[in-house]
Amino acid sequence: MEQPPCWQCNKKYTGLFCAHCNALQCPVDDYYSVFGMERKLSLDVQALQAKFYELSRLLHPDRFTRRSPLERQYSLEASSLLNKGYRVLRNPVQRAEYVLKKEGFDIGEQGTKDVPPELLEEVFELNMALEELKMGDQQARGAVEEARQRFAAMRDEIDRELEQLFQQWDEKHERATLQQIRGLLNRRRYIHNLVTEVENVATLSN
Ligand SMILES: [Zn+2]
């Protein structure tokens with residue numbers, strides 16, 4: 001992303017601080033840009049964390065008490081973006097949703113309640129077992145636990161597929177890959193909600 005030149009020395013730079021005069025710049029509303037990173041889906045979370053701590057130190061309010069009001073304002077805005085960005089980027093699912101949004105995809109929650117057709121039968125059976133368990137039929141517990149494991153394994157499988165698609169997009173930047181990722185994320189959201197619901201019912205019926 002092209003940034004305007006430094007407000008203080010008018011030279012070109014990338015990142016939060018000017019490389020020439022070290023003045024803090026008006027932060028761009030983009031988490032990757034705040035971290036000074038390329039927009040990539042595969043991300044080294046440990047490197048992200050190190051960068052987060054480094055920038056948190058550099059943006060600490062104590063460092064700006066004698067700077068101009070403009071830079072103090074920038075430091076507050078940048079800190080806020082840094083904190084939000086860290087929360088989103090360190091989580092692969094949230095990171096992918098963020099990139100999809102930035103790339104112009106609509107990622108609403110619609111469709112979350114629709115059962116993926118290939119899961120209809122299994123979800124139907126699971127719901128029956130859940131109902132029985134809620135009514136106090138402890139014999140349903142085995143079937144519920146088995147279903148929980150199966151759906152949790154599906155979620156793990158989706159996470160592996162996502163990892164591959166992340167690498168693919170980072171290499172080729174093809175829109176079709178993002179479309180596939182969006183589809184997988186919807187499926188993942190559905191299955192994740194299902195696993196969470198099963199875990200809640202199983203705990204409550206103990
Ligand atoms: Zn400068």
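Please work out which residue is nearest to Ser68 (Cα to Cα), limiting yourself to region 10-20 and to residues that are near the ligand (Cβ under 7 Å from one of its atoms) and surrounded by 13 or more Cβ atoms within 10 Å (Cβ to Cβ).
Per the stated criteria, the residue is Cys18.
With the checklist (1) within 16 Å of the ligand (Cβ to nearest atom); (2) among the basic types (Lys, Arg); (3) open to solvent by 90 Å² or more (accessible area, probe 1.4 Å) in hand, flag the one item Lys84 doesn't pass.
(1)
Might you check whether a residue that is in contact with a Pro (Cβ under 7 Å, 6 or more places away or on another chain), open to solvent by less than 50 Å² (accessible area, probe 1.4 Å) and over 18 Å from Lys40 (Cβ atoms) occurs anywhere in region 149-167?
No, region 149-167 has no match at all.
Among the residues of region 63-106, write down those that are closer than 18 Å to Ala50 by Cβ and part of a loop (DSSP other than H, G, I, E, B).
Within region 63-106, Arg90, Asn91 meet the criteria.
Among what's in region 37-49 and is free of Cβ contacts under 8 Å to residues at least 24 places away in the same chain and open to solvent by less than 60 Å² (accessible area, probe 1.4 Å), pick the residue that is farthest from Glu103 (Cα to Cα).
Ala47
Got at least one residue in region 126-134 being modelled with pLDDT under 95, outside the structural domain of Leu41 (by TED's automatic domain parsing), part of a helix (DSSP H, G or I) and among the acidic types (Asp, Glu)?
Yes: one or more hits.
Return the residue satisfying two criteria in turn: it lies in region 24-36 and is open to solvent by less than 20 Å² (accessible area, probe 1.4 Å) and closer than 16 Å to Ser56 by Cα, and of such residues it is farthest from the ligand (Cβ to nearest atom).
Tyr32
Condition check: more than 21 Å from Arg188 (Cα to Cα) and aromatic (Phe, Trp, Tyr). Does Tyr98 satisfy that?
When the stated conditions are applied, Tyr98 does not pass them.
If you check Leu70, Leu43, which single one turns out to be more than 16 Å from the ligand (Cβ to nearest atom) and either outside the structural domain of Trp169 (by TED's automatic domain parsing) or touching a Gly at 6+ places or on another chain (Cβ under 9 Å) (or both)?
Checking each option against the conditions leaves just Leu43.
Would you mention how many residues in region 29-41 are at pLDDT 90 or above and part of a loop (DSSP other than H, G, I, E, B)?
Counting residues in region 29-41 that are at pLDDT 90 or above and part of a loop (DSSP other than H, G, I, E, B) gives 8.
Go through region 179-196 and give me each residue that's free of Cβ contacts under 8 Å to residues at least 24 places away in the same chain and either in contact with a strand residue (DSSP E or B) (Cβ under 7 Å, 6 or more places away or on another chain) or open to solvent by less than 80 Å² (accessible area, probe 1.4 Å) (or both).
Gly183, Thr196
The values are calculated or read from the model by the stated rules, or taken from the named source; none is laboratory data. Keep in mind that what you see is a predicted model, and the values were worked out from it rather than measured. Cβ: placed from backbone, ideal geometry, glycine included. Neighbour counts: every protein chain shown. The accessibility values were calculated without ligands, DNA or RNA, using every heavy atom of the protein model including side chains. Shrake-Rupley method; radii C 1.70, N 1.55, O 1.52, S 1.80 Å.
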